[in-house]
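A short write-up of the structure that comes next.
The values are calculated or read from the model by the stated rules, or taken from the named source; none is laboratory data. All figures in this text were calculated on a predicted structure; none of them were measured in a lab. So basically every Cβ, Gly included, is an ideal-geometry build from the backbone, and we count neighbours across all protein chains shown. Just so you know, the surface numbers come from the protein's heavy atoms only, side chains and all, with ligands and any DNA or RNA stripped out. Shrake-Rupley method; radii C 1.70, N 1.55, O 1.52, S 1.80 Å.
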Amino acid sequence: MFLTTGSVAGAQLVITDRVGGVSSGRYDSLNLGDHVGDDHDAVGQNRHRVAAALDPSAGPLALMRQVHGAVVAVIDGPGDAGQPVARRPVQAPEADAMVSTARGLALAVLVADCVPVLFASAEPEVIAVAHAGRRGVQEGVVAATVAAMQCAGARPASIQTRVGPAICGRCYEVSPQVQAEVVRTVPEARSTTRAGTPGLDIRAGVRAQLEACGVGSVEMDPHCTAEHGALYSYRRDGVTGRFAGIVWLPQGTDAANA
Ligand SMILES: [Zn+2]
């Protein structure tokens, strides 16, 4: 269920994989995307399973309706903290990034080749997720997310980031025109595929954009979605599911409150 568990700047994070859900066929089995043609009940059950498997301090999942843009939604909180974990997700804004200062709210970004970026600052406590694909990188979703975290009080140097699994520059072939268009904005995204053709390394572009924003650290997940069978890959499979990058500020435990 979880490819990666860890922490960033005191916030907790997980990257899900495609194992341990109820979806079948091309969505087998832990598909978390409800916009890709899968059965809605199955997706709901999968989301419930993930929320229930997170540490209880994570709280409910907050999802976005992602549109490959650079809009950042500021999420104040789950609205009714204290509800059991794995209740319905909080209502999804149309955005490609979310920022929150709320504890006990698990911000989730859904991907299958695009880059999931997880952000956290410890003082003050601010977290964020961003969905950075080819268009998001061109539109500037990374810088927009850092700017929104600054509005919430975080200094860029205090922001630590984790760049999650995505399609690599050896696998992501594009036309010469598309490559030229992207590298005009982000030269670092230029790559050559295994076949020797023009490619894009979107993760390298994301890293360059994060560094240009002056964030304190950039940690890169090495997994390539197109090469890793336990991850969904749109380029490899076409119609397929979505996995998630999730980050949260742990809610106080009963013991801590006692
Ligand atoms: Zn690859």
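Determine whether SER191 is within 15 Å of the ligand (Cβ to nearest atom), among the hydroxyl-bearing types (Ser, Thr, Tyr) and free of Cβ contacts under 8 Å to residues at least 60 places away in the same chain. Here the answer is yes, as SER191 does meet what is asked.
Here ALA204 meets the list (1) part of a helix (DSSP H, G or I); (2) buried (at least 23 other Cβ atoms within 10 Å of the Cβ); (3) of a type outside the set (Val, Ile, Thr); (4) within 13 Å of the ligand (Cβ to nearest atom) almost entirely, failing just condition (2).
Scanning the range 238-254 for residues that are surrounded by 14 or more Cβ atoms within 10 Å (Cβ to Cβ) and either part of a loop (DSSP other than H, G, I, E, B) or within 14 Å of the ligand (Cβ to nearest atom) (or both) gives THR240, GLY241, ARG242, PRO250, GLN251. Given the structure, is ARG190 out of contact with any helix residue (DSSP H, G or I) (no Cβ under 9 Å at 6 or more places or on another chain) and of a type in the set (Lys, Arg)? So ARG190 fails the test. Scanning the range 151-175 for residues that are away from the ligand (no atom under 16 Å from the Cβ) and open to solvent by less than 80 Å² (accessible area, probe 1.4 Å) yields ALA152, GLY153, ALA154, PRO156, ALA157, SER158, ILE159, GLN160, THR161, ARG162, SER175. Taking the criterion of being closer than 19 Å to HIS131 by Cβ and either charged (D, E, K, R) or not in a loop (DSSP other than H, G, I, E, B) (or both), the residues of the range 161-177 that qualify are THR161, ARG162, VAL163, ALA166. The number of residues in the range 123-137 being surrounded by 18 or more Cβ atoms within 10 Å (Cβ to Cβ), closer than 14 Å to ALA70 by Cβ and of a type outside the set (Val, Ile, Thr) comes to 7. Whether a residue is open to solvent by less than 40 Å² (accessible area, probe 1.4 Å) and under 18 Å from VAL8 (Cα atoms) was assessed, and VAL183 does not pass this test. Of the set (1) open to solvent by 80 Å² or more (accessible area, probe 1.4 Å); (2) more than 15 Å from the ligand (Cβ to nearest atom); (3) over 22 Å from the mean Cα position of the chain (by Cα), all apply to VAL178 but (1).
Scanning the range 225-234 for residues being surrounded by 15 or more Cβ atoms within 10 Å (Cβ to Cβ) and not aromatic (Phe, Trp, Tyr) gives a total of 5. Looking only at the range 35-49, which residues are open to solvent by less than 70 Å² (accessible area, probe 1.4 Å), under 19 Å from the mean Cα position of the chain (by Cα) and more than 18 Å from ALA230 (Cβ to Cβ)? Scanning the range 35-49 gives VAL43, GLY44, ARG47.
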